[in-house]
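One structure is given here, and the rest of the page talks about it.
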Amino acid sequence: EENNRLDPTTPISLSIGYSVSKENSSDMDTLFREADHRMYRDKVQRQQSAHKVIVQTLTRALKFQDYINEDHCDRLQGLMDSLASSLGLSEEFIKNLHLLARYHDVGKLAVPDRILFKPGPLNSLERREMQQHSEVGGRIAQSVPEIADISDWILKHHERWDGSGYPMGLAGDDIPLACRILALAETYDALINDRPGGGAVSREEALEHIRVHAGTQFDPVLTEKFIALVEGRGGGEGNGFPAGGAGSKTG
């Protein structure tokens with residue numbers, strides 16, 4: 001407990017199981033099996049608790065580094081939820097989309113600050129190091145049961161429809177649907193909200209940018225559905241499509 005209090009990033013657990021009999025003729029093998037079962041039951045309970053600590057620690061680290069901005073996450077979740085619902089996707093899929101909105105940049109925890117916060121453009125070596133965050137994020141997610149199901153999405157969330165993305169150069173329908181949904185929502189939210197390197201643009205300008213890049217950066221079919229949803233709802237707050245200009249985009 002003292003170790004975990006001082007270093008919550010590497011929680012240690014000790015699981016104990018025991019079985020007692022007052023009978024002289026007790027079957028020791030049976031007693032050992034019962035103690036063993038109780039130990040594993042205790043281990044499972046402690047592991048679940050430890051996993052929660054790991055997720056909480058990751059979340060705190062992301063917030064500290066400003067990779068998780070609650071307003072940005074909420075807006076992303078609303079955008080992705082609306083598009084996924086219009087496609088008739090399951091509640092379980094949408095639940096995982098919410099996790100993707102929150103943890104897709106978890107791999108940036110391994111990128112040096114000198115690169116993350118560099119004011120000017122990155123050179124080729126720095127760009128390569130930055131691009132590794134999706135692979136690192138995928139590995140981190142694989143090790144955390146609560147987000148292991150979306151590890152493949154985290155790995156592939158920078159792939160582009162025309163195959164020019166990273167890390168695998170996937171194209172078209174080979175890119176997971178969740179990643180194609182995130183790409184649209186992330187770009188739209190970044191454009192309509194103040195962000196480093198540029199102020200917010202209007203909803204119409206953001207949609208035009210997305211429309212121009214349909215078929216290269218974005219899935220063209222999803223693009224049309226996304227644009228129709230935004231235009232149909234007027235970009236109003238409360239409908240999953242923030243009006244823009246009021247928040248900030250980070251991460």
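Things worth noting here:
- Residue within segment 75-98 that is surrounded by 15 or more Cβ atoms within 10 Å (Cβ to Cβ), touching a helix residue (DSSP H, G or I) at 6+ places or on another chain (Cβ under 6 Å), within 17 Å of PRO176 (Cβ to Cβ) and at pLDDT below 90 present: no
- Cβ-Cβ distances below 7 Å connect the following pairs, each with a first residue in segment 102-131 that is among the aliphatic types (A, V, I, L, M), a second residue that is at pLDDT 85 or above and open to solvent by 60 Å² or more (accessible area, probe 1.4 Å), and a separation of six or more residues or different chains: VAL111/GLU129; ILE115/GLU129.
Yes/no per residue for (1) exposed (fewer than 13 other Cβ atoms within 10 Å of the Cβ); (2) within 24 Å of the chain's Cα centre (by Cα); (3) at pLDDT 95 or above:
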residue	(1), (2), (3)
ALA171	no, yes, yes
CYS179	no, yes, yes
LEU182	no, yes, yes
ASN193	no, yes, no
GLY198	yes, no, no
THR216	yes, yes, yes
GLY232	yes, no, no
GLY236	yes, no, no
GLY240	no, yes, no
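- Of all residues in segment 135-165, those that are assigned to a helix (DSSP H, G or I) and without any contact (Cβ under 8 Å) to a residue 60 or more places away in the chain total 16.
- Filter result for PRO167 (surrounded by fewer than 21 Cβ atoms within 10 Å (Cβ to Cβ) and in contact with a strand residue (DSSP E or B) (Cβ under 6 Å, 6 or more places away or on another chain)): no
- Note on segment 8-43: among residues that are open to solvent by less than 60 Å² (accessible area, probe 1.4 Å) and under 25 Å from ILE140 (Cβ atoms), the one that is modelled with the lowest pLDDT is PRO8.
- Just one of the listed residues (GLU208, GLU159, GLU186) is open to solvent by 50 Å² or more (accessible area, probe 1.4 Å) and of a type in the set (Asp, Glu), and it is GLU208.
- Filter pass, GLN142 being open to solvent by 30 Å² or more (accessible area, probe 1.4 Å), under 27 Å from GLU92 (Cβ atoms) and in contact with a helix residue (DSSP H, G or I) (Cβ under 8 Å, 6 or more places away or on another chain): yes
- Yes/no for GLN132 being touching a Lys or Arg at 6+ places or on another chain (Cβ under 7 Å) and more than 20 Å from SER85 (Cα to Cα): no
The values are calculated or read from the model by the stated rules, or taken from the named source; none is laboratory data. Not measured: the values here are computed from a predicted model. Neighbour counts run over all protein chains shown; Cβ positions are idealised from the backbone, glycine included. To get the accessible areas, we keep the full protein, side chains included, count just its heavy atoms, and leave off ligands, DNA and RNA. Shrake-Rupley method; radii C 1.70, N 1.55, O 1.52, S 1.80 Å.
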